[in-house]
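Take a look at the structure set out below.
The values are calculated or read from the model by the stated rules, or taken from the named source; none is laboratory data. Because the structure is predicted, anything quoted here is derived from the model rather than measured. Here the Cβ positions follow ideal geometry from the backbone for every residue, glycine too, while neighbour counts run over all protein chains shown.
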Amino acid sequence: MANSYYYTRFFDEMGGRLDENYNNPRYDEINHLLTHSKYSFDDLGDHKYLTNIVSGKTPKGIKYLETGIPFLGSTHILFGNIDATDVPRIAEDIHNGVLASSKIKRGNVLVTIAGTIGRTAVYHSDDECNANQAVAILNLGTNEIDPEFLVHYLNSRLGQLFFGKLQHISSQPNINLEEIKKIKIIVPKKTMQTEILKKVNMIELQALKLEEDEENIRRESDSLLLGEMELNSTRQNKYFFKTGEGKSVCFYIFSNELSDRMNYLFYHFDYTILQKLQERYETEKLGCVCSEPIKKGEQPIYSENGEIAVIKTINLKNSYIDYKNCLKVSRDFYDSVPHAQIRKGDILIASTGHGSLGKVDVYDRDDPAIASVDLVILRLLPAYDPYFITYFLRSHLGAVQFEKWFSGSSGQIHIYEQDLNQFIIPKSSTQGIPMEKQKDIVSKITKKLEKLTELKQKSEKKWEEARALFEGSLLS
């Protein structure tokens with residue numbers, strides 16, 4: 001078989017697990033790095049460091065509310081920080097009752113343990129929150145190790161090697177709590193931890209300032225398309241399909257205005273901007289501007305030695321595709337799923353989940369790839385610029401249509417192919433937005449995004465500099 005390789009392990013080297021991933025020679029680097037430690041190391045699960053570790057859960061029939069206790073999932077835990085912008089909320093009696101064991105308090109360390117493994121952050125808020133089953137909650141509760149130091153360590157190269165080795169590879173990778181306890185941690189004295197963090201934090205502050213500038217540029221680029229189309233909106237960019245949260249409103253419509261949907265979001269008065277779009281421009285339904293039917297990706301069977309990239313929701317960044325961290329499948333699997341194959345110029349849309357649904361990016365490579373089952377693929381007619389349609393779908397004009405057409409509740413939300421077909425876009429015509437005008441708008445937005453990319457590269461360089469300083473402080 002192409003790209004296969006073989007290795008051997010003696011029984012005394014196998015550590016109680018027989019799976020290929022755990023015993024893979026690429027993790028031999030762990031022992032090499034530990035032997036070059038400047039300080040002693042120990043198990044994370046030692047009571048000197050860890051007083052308790054639990055994972056959250058999602059009770060059957062749980063309902064998300066407009067206000068309440070934040071309920072974190074793995075998508076909210078990033079490397080070193082928590083993004084609670086779009087977090088769903090639960091009732092306080094659920095938090096204090098069935099989920100009492102997974103309460104999260106200031107100073108707890110949170111680790112993603114399902115899906116994307118090993119992203120780690122400290123919870124800094126004084127307000128309690130809770131988490132689902134994809135998050136482990138570590139209570140250090142001692143003076144032996146600083147929570148921020150532990151987070152930097154677990155997010156470092158060595159920490160990520162441990163997560164890679166200990167995880168169980170499947171369609172939903174996971175790691176259990178007992179395995180987290182087995183991670184070896186390098187532990188200088190507390191005063192030295194503080195000194196290391198002080199130096200590292202100085203560089204991280206520079207990276208955060210660059211990211212703040214990135215966000216300002218992103219907001220400008222998001223509003224540019226509306227300005228070019230003279231369809232400005234006063235609405236704040238907060239949508240139920242992204243956050244799982246809504247604001248109480250009261251409105252009515254007559255029975256003869258009802259269609260086949262009974263969801264109030266389908267008739268929300270914010271959609272008057274779509275009427276303005278249709279009044280100002282000749283429009284067409286999205287399904288009619290595709291050269292092929294809109295189609296869904298495929299559940300991949302990953303291969304350690306695969307050569308074909310799989311694009312998943314986590315790889316869509318709503319401004320670029322993260323190719324670096326794509327998992328792979330074999331050429332045989334790629335050939336077996338022609339409906340999921342991606343071509344250069346295809347538009348990829350995340351079709352599930354609060355905070356993920358509605359992310360849109362263009363596949364811009366010649367290399368073969370497939371879309372995962374959580375994405376849908378749009379392949380446009382030549383009269384439409386894929387970047388213009390992508391920018392349109394990212395804008396308020398696209399967001400209100402995702403808001404209107406999504407289905408589901410309680411965190412399990414979807415946008416189906418037949419509903420994407422109904423999205424309204426400007427027609428490529430003299431009464432709509434012809435190709436020449438599409439390209440002009442794309443050019444202006446792209447210039448903004450190029451500045452965004454430049455800032456992102458600078459911030460990533462600073463983050464890498466901070467990581468290198470931290471690791472160099474521990475390893476000779």
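Scanning region 179-193 for residues that are part of a helix (DSSP H, G or I) and under 31 Å from the mean Cα position of the chain (by Cα) yields 179, 180, 181, 193. The residues of region 50-78 that are closer than 25 Å to residue 313 by Cα, outside any strand (DSSP E or B) and among the β-branched types (Val, Ile, Thr), listed by number, are 58, 62, 75. Kindly evaluate residue 104 against the criterion of being in contact with a strand residue (DSSP E or B) (Cβ under 7 Å, 6 or more places away or on another chain), under 22 Å from residue 61 (Cα atoms), β-branched (Val, Ile, Thr) and not assigned by TED's automatic domain parsing to the domain that holds residue 412. For residue 104, the condition - in contact with a strand residue (DSSP E or B) (Cβ under 7 Å, 6 or more places away or on another chain), under 22 Å from residue 61 (Cα atoms), β-branched (Val, Ile, Thr) and not assigned by TED's automatic domain parsing to the domain that holds residue 412 - is met.
Consider region 108-138 and keep the residues that are among the polar types (S, T, N, Q) and in a loop (DSSP other than H, G, I, E, B). The one that is surrounded by the fewest Cβ atoms within 10 Å (Cβ to Cβ) is 125. Within region 9-27, the residues that satisfy the criterion of being within 17 Å of residue 182 (Cα to Cα) and surrounded by 14 or more Cβ atoms within 10 Å (Cβ to Cβ) are 21, 22, 23, 27. Taken over region 305-330, the criterion of being surrounded by 15 or more Cβ atoms within 10 Å (Cβ to Cβ) and among the charged types (D, E, K, R) is satisfied by 312, 328.
Please specify each residue of region 331-386 satisfying the condition of being of a type in the set (Gly, Ala, Ser), in contact with a Ser or Thr (Cβ under 9 Å, 6 or more places away or on another chain) and in contact (Cβ under 8 Å) with a residue 40 or more places away in the chain. Steps first, answer last, please.
Initially, region 331-386 is screened for residues of a type in the set (Gly, Ala, Ser), giving 336, 340, 345, 350-351, 353, 355-356, 358, 369, 371-372, 383.
Then keep just the ones that are in contact with a Ser or Thr (Cβ under 9 Å, 6 or more places away or on another chain); that gives 340, 350-351, 353, 355-356, 358, 372, 383.
Within region 331-386, 340, 351, 353, 355, 356, 358, 372, 383 meet the criteria.
In this structure, is residue 450 loosely packed, with under 15 Cβ neighbours inside 10 Å, under 17 Å from residue 387 (Cβ atoms) and under 23 Å from the mean Cα position of the chain (by Cα)? In short, yes.
Somewhere in region 416-424, is a residue out of contact with any His (no Cβ under 6 Å at 6 or more places or on another chain), in contact (Cβ under 8 Å) with a residue 12 or more places away in the chain and under 17 Å from residue 229 (Cα atoms)? The answer is yes; a qualifying residue exists.
Report yes if some residue within region 104-114 is touching a residue at least 60 places away in the same chain (Cβ under 8 Å), more than 15 Å from residue 180 (Cβ to Cβ) and not β-branched (Val, Ile, Thr); otherwise report no. Full working, then the answer.
Of all residues in region 104-114, those touching a residue at least 60 places away in the same chain (Cβ under 8 Å) come to 111, 113-114.
Adding the requirement that they be more than 15 Å from residue 180 (Cβ to Cβ) leaves none.
Looking through region 104-114, none of the residues is touching a residue at least 60 places away in the same chain (Cβ under 8 Å), more than 15 Å from residue 180 (Cβ to Cβ) and not β-branched (Val, Ile, Thr).
Taking the listed residues 196, 217, the one that is of a type in the set (Val, Ile, Thr), under 27 Å from the mean Cα position of the chain (by Cα), buried (at least 18 other Cβ atoms within 10 Å of the Cβ) and not assigned by TED's automatic domain parsing to the domain that holds residue 143 is 217, with no other qualifying. When residue 272 is tested against (1) surrounded by fewer than 18 Cβ atoms within 10 Å (Cβ to Cβ); (2) part of a loop (DSSP other than H, G, I, E, B); (3) polar (S, T, N, Q), just one condition goes unmet, and that condition is (2).
The rows are residues; the columns are (1) in contact with a strand residue (DSSP E or B) (Cβ under 9 Å, 6 or more places away or on another chain); (2) of a type outside the set (Asp, Glu).
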{"position": "333", "(1), (2)": "yes, yes"}
{"position": "339", "(1), (2)": "yes, yes"}
{"position": "346", "(1), (2)": "yes, no"}
{"position": "383", "(1), (2)": "no, yes"}
{"position": "387", "(1), (2)": "yes, yes"}
{"position": "421", "(1), (2)": "yes, yes"}
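Across region 79-107, which residue is modelled with the lowest pLDDT among those that are part of a loop (DSSP other than H, G, I, E, B) and surrounded by 21 or more Cβ atoms within 10 Å (Cβ to Cβ)? It comes out as 87.
Against the list (1) within 18 Å of residue 37 (Cα to Cα); (2) at pLDDT below 95; (3) among the polar types (S, T, N, Q), the condition residue 142 fails is (1). Please tell me if residue 38 is closer than 21 Å to residue 181 by Cα and either modelled with pLDDT of 95 or more or surrounded by fewer than 16 Cβ atoms within 10 Å (Cβ to Cβ) (or both). No.
Apart from one condition, residue 301 fits all of (1) modelled with pLDDT under 80; (2) part of a loop (DSSP other than H, G, I, E, B); the exception is (1).
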